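Okay, so here's the structure we're looking at.
The values are calculated or read from the model by the stated rules, or taken from the named source; none is laboratory data. Note that the structure is a prediction, hence the values are computed from the model and not measured. Heads up, the Cβs are rebuilt from the backbone with ideal geometry, glycines too, and the neighbour counts pull from every protein chain shown.
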Amino acid sequence: MANSITCKEGAPVKSFKPADTLEVAVQGGANIPQPEDHNPISDKPQHQPFRLLDLPPELWTRICQLDITRPPSTVITKAAHANTVCRQTTQPPLTRTSRLLRSETLPIFYNLHTFVIVDNYADVDDGVVKWLDSIGKRNRRCLKRLYLACRQEEEEPPYFGAEEEEGCWQAQVRVLEGFGAQYERAELGWWRDEVYRVVYKITLLR
């Protein structure tokens, strides 16, 4: 609706609309502030991608240790079944993020993680052999906490036989011979099992 202004003398002044004010000001050369260009995308803070290996070595190593040692142990059951052993010994997700991180973190994982093989007697079945073969020599030699929990204690340290031996137990008694396995009786403080109570520590030399 048009507005009308009357002077003191009563003479009407030309009616105008509120929008006319801007037009008059522009025609008169008034300095009207203009809105600044606004780009909502460019206004956001630019975050640089975070690279774990850009941290000091002692810091990222500690972060990796905390990540890959949760959980701190794995109990390997059904040692004769390769697929079951494979699922139970899956490597941590962090070790599968990049080739560089994998080469740096896998030795840490195998050095700090505890593996307990549960078997009826002091032998190790084929599924465990395939697992140890698959991780490679470098990682096998990093295994510092590999144990066997079995039902009974042998009179002598576990024996792996010779190739010329015959019999149904031949494949089991010498399964770790190729890895240079050494056994010794051990105590595992947190291990509590009334059936599989005899514990051996396994050292693989190759």
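General observations
- Qualifying residue in segment 102-124 (condition: aliphatic (A, V, I, L, M), closer than 26 Å to Thr61 by Cβ and touching a His at 6+ places or on another chain (Cβ under 9 Å)): no
- First in segment 92-113 and modelled with pLDDT of 90 or more and β-branched (Val, Ile, Thr), second anywhere and surrounded by fewer than 16 Cβ atoms within 10 Å (Cβ to Cβ) and assigned to a helix (DSSP H, G or I), Cβ under 8 Å, 6 or more apart: Thr95/Arg102; Ile108/Thr61; Ile108/Gln65
- Residue list for segment 90-132, restricted to those being in a helix (DSSP H, G or I) and of a type in the set (Val, Ile, Thr): Thr95, Thr105, Ile108, Val128, Val129
- Considered as a group, the residues in segment 188-206 that are part of a loop (DSSP other than H, G, I, E, B), over 29 Å from the mean Cα position of the chain (by Cα) and touching a residue at least 12 places away in the same chain (Cβ under 8 Å) include one that is farthest from Asn111 (Cα to Cα), and that residue is Val195.
- Scanning segment 138-145 for residues that are farther than 26 Å from Arg70 by Cβ and either surrounded by fewer than 14 Cβ atoms within 10 Å (Cβ to Cβ) or modelled with pLDDT under 85 (or both) turns up nothing.
- Residues of segment 78-95 that are farther than 15 Å from Asn139 by Cα and surrounded by fewer than 14 Cβ atoms within 10 Å (Cβ to Cβ): Asn83, Cys86, Arg87, Pro93.
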